[in-house]
Amino acid sequence: MKLIIGGSTGFVATELLSQALKNPAITSIIALGRRGATVPADANSNAAKTKLRSITCENFEEYPDSVKSELANADACIWTIAVTPMKLSTVPWEETCKISRDYATTAIKTIHTLRPPQEKPLRFIYMSGHFAPRSRAEIPPALQNHGLVDYGLLRGETETLILDYAEQSQGTVQSCIVKPGLIDAPGAEKREIPGLPHIDLPDIAAALLDQVIRGFEKDTLSNDDLVRIGQRALAGYSKG
């Protein structure tokens, strides 16, 4: 499997790289980001040399030919790029929309068009957020209480666009939305936000990789789904 990881220097993406390098089902990894990806400290050097390609890109709305050639013929993509709520105050709203919505919708279209017809569809995962609503009728109180209604609707709109693109692809694309809560790093102190569930970093990375390899259980995975799938996958890896 050739896997693209969008946002390859981020918190979740770094763990994805670490696990993907150890997974024999993944034969090629394209780490796509504005900066070069760092090989995880626990990575096998031979696996990193043979499987990993770190590709930098300045404009995620218009890929140059050199980047397109690296993205061609991918089997799956896990897209982690977005503005987080903690960084909203430092990023203009127009830029937030571009990063959190337009980059993702451009990515799924571009990767799809760079892939000739194959027996299996392209699998695309968009990492959203636990509270993101897909309509104003679904806005949870937590977003209203923290002044995040517009941000939540932006993420929900992106979810709909990603799912709609797959639906209109005549079976050549499958998309999945994952909606984790607070992601906890091993050894780090846990944050607490009312109403937000927790998931450990290794669990979410294992769940995302499991789903692109095995196929999507459903088109939207909750935090509970991700915990269950991730822990099952990690238990399988340890037995293997």
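Please go through (1) in contact with a Ser or Thr (Cβ under 7 Å, 6 or more places away or on another chain); (2) farther than 28 Å from L148 by Cα; (3) assigned to a helix (DSSP H, G or I) for D42 and return the number of the only condition it doesn't satisfy.
(3)
Going by what's in this entry, would P116 be described as surrounded by fewer than 18 Cβ atoms within 10 Å (Cβ to Cβ) and within 18 Å of L71 (Cα to Cα)?
Yes; evaluated as a whole, the condition is true for this residue.
Name the residue that is farthest from the chain's Cα centre (by Cα), counting only residues in the range 88-132 that are of a type in the set (V, I, T) and not in a helix (DSSP H, G or I).
V91
Determine the pairs where a residue that is within 12 Å of L196 (Cβ to Cβ), located within the range 130-145, has a partner that is loosely packed, with under 11 Cβ neighbours inside 10 Å and of a type outside the set (G, A, S) with Cβ atoms under 9 Å apart, the partner being 6 or more residues away or on another chain.
Sorted first by the residue in the range 130-145, then by its partner, the pairs are A142/P194.
Does G187 fit the bill of being among the small types (G, A, S) and closer than 21 Å to L3 by Cβ?
no
Have a look at T105, T84 and point out the one that is free of Cβ contacts under 8 Å to residues at least 60 places away in the same chain, farther than 15 Å from Q170 by Cα and of a type outside the set (D, E, K, R).
Result of the check over T105, T84: T84.
Identify all residues within the range 24-39 that are touching a strand residue (DSSP E or B) at 6+ places or on another chain (Cβ under 6 Å) and either in a helix (DSSP H, G or I) or farther than 19 Å from I108 by Cα (or both); write none if there are none.
I26, G36, A37
If you scan the range 136-173, which residues turn out to be polar (S, T, N, Q) and more than 25 Å from R123 (Cα to Cα)?
Q144, N145
For the subset of the range 8-23 comprising residues that are part of a loop (DSSP other than H, G, I, E, B) and touching a strand residue (DSSP E or B) at 6+ places or on another chain (Cβ under 6 Å), which member is surrounded by the most Cβ atoms within 10 Å (Cβ to Cβ)?
Looking at the filtered set, the residue picked out is S8.
Which of the residues spanning the range 74-95 are surrounded by fewer than 20 Cβ atoms within 10 Å (Cβ to Cβ) and of a type in the set (S, T, Y)?
T84, S89, T90
Evaluate the following for I111: is it under 18 Å from L221 (Cα atoms) and crowded, with 19+ Cβ neighbours inside 10 Å?
no
Mind checking which residues of the range 193-222 are in contact (Cβ under 8 Å) with a residue 60 or more places away in the chain, in a helix (DSSP H, G or I) and not polar (S, T, N, Q)?
Once the filter is applied, which keeps residues that are in contact (Cβ under 8 Å) with a residue 60 or more places away in the chain, in a helix (DSSP H, G or I) and not polar (S, T, N, Q), the range 193-222 yields L201, P202, I204, A205, A206, L208, L209, V212, I213.
Please go through the range 138-174 and give me each residue that is assigned to a helix (DSSP H, G or I), surrounded by fewer than 19 Cβ atoms within 10 Å (Cβ to Cβ) and modelled with pLDDT under 95, ordered by number.
Listed by number, the residues that qualify are E138, P141, A142, Q144, N145.
For residues in the range 62-73 being charged (D, E, K, R) and over 23 Å from T14 (Cα atoms), which is surrounded by the most Cβ atoms within 10 Å (Cβ to Cβ)?
Looking at the filtered set, the residue picked out is E62.
All but one of (1) assigned to a loop (DSSP other than H, G, I, E, B); (2) closer than 22 Å to K22 by Cα hold for K190; which doesn't?
So K190 meets the others, but not (2).
The values are calculated or read from the model by the stated rules, or taken from the named source; none is laboratory data. The model shown is predicted, which means the values in this text are computed figures rather than measured ones. Every residue, glycine among them, receives a Cβ derived from its backbone with ideal geometry; neighbour counts consider all protein chains shown.
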